[in-house]
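Please read the structure below before turning to the comments.
The values are calculated or read from the model by the stated rules, or taken from the named source; none is laboratory data. Predicted model only: the values in this text are computed from it and were never measured. Ideal geometry is used to build each Cβ from the backbone, glycine not excepted, and the neighbour counts take in all protein chains shown. Heads up: the accessible areas ignore ligands, DNA and RNA and are worked out on the full protein's heavy atoms, side chains in. Shrake-Rupley method; radii C 1.70, N 1.55, O 1.52, S 1.80 Å.
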Amino acid sequence: MKAFRLDELEAERVANDGAYLQFLRERNMSVGLYALNAGEHDPQQPHQQDEVYLVVSGRASITVGMETTQVGRGSVVYVPAGVAHKFHHISEDLRVLVVFSPPES
């Protein structure tokens with residue numbers, strides 16, 4: 001078993017000075033913690049993998065393809081591989097668990 005604590009993952013992400021921390025990589029998936037602060041720009045480009053976002057804290061909008069929705073704690077969003085997507089209008093610091101399948105390259 002592998003078990004993680006969000007507060008420890010957030011501390012590790014900050015210590016590594018990055019917006020994204022991959023903390024689990026297996027044969028069929030990878031999982032990471034993504035952080036964007038209020039007002040920040042999301043620099044993401046489309047990925048080659050399907051992904052699922054679980055918002056653990058914060059508030060923002062996300063656009064996936066041509067669809068936009070508001071997200072906050074507890075929101076889950078699926079993004080198909082190759083589809084353009086961005087978080088925007090980030091009104092509260094955003095922390096998101098990201099699951100890639102297959103694992104992110």
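When the GluC sites (Glu not before Pro) in the chain are filtered for DSSP coil states and for at most 15 other beta-carbon atoms within 10 Å of their beta-carbon, the remaining sites are 26, 40. Considering only 44, 70, 22, the mean-square fluctuation computed in a Gaussian network model of the chain, springs between alpha carbons under 10 angstrom, is largest for 44. Considering only the Cα atoms of the chain, their convex hull presents on average a projected area of 6.5 nm².
For the residues 88, 41, a 1.4 Å probe over the protein chains yields an accessible-area ranking, largest first, of 41, 88. Residue 45 sits among other residues whose Cβ lies under 15 Å from its own Cβ, and their net charge, with Lys and Arg +1 and Asp and Glu -1, is -2. Sites listed here are trypsin sites (Lys or Arg not before Pro) in the chain whose DSSP assignment is loop and whose Cβ has at most 10 other Cβ atoms within 10 Å: 2, 5, 27.
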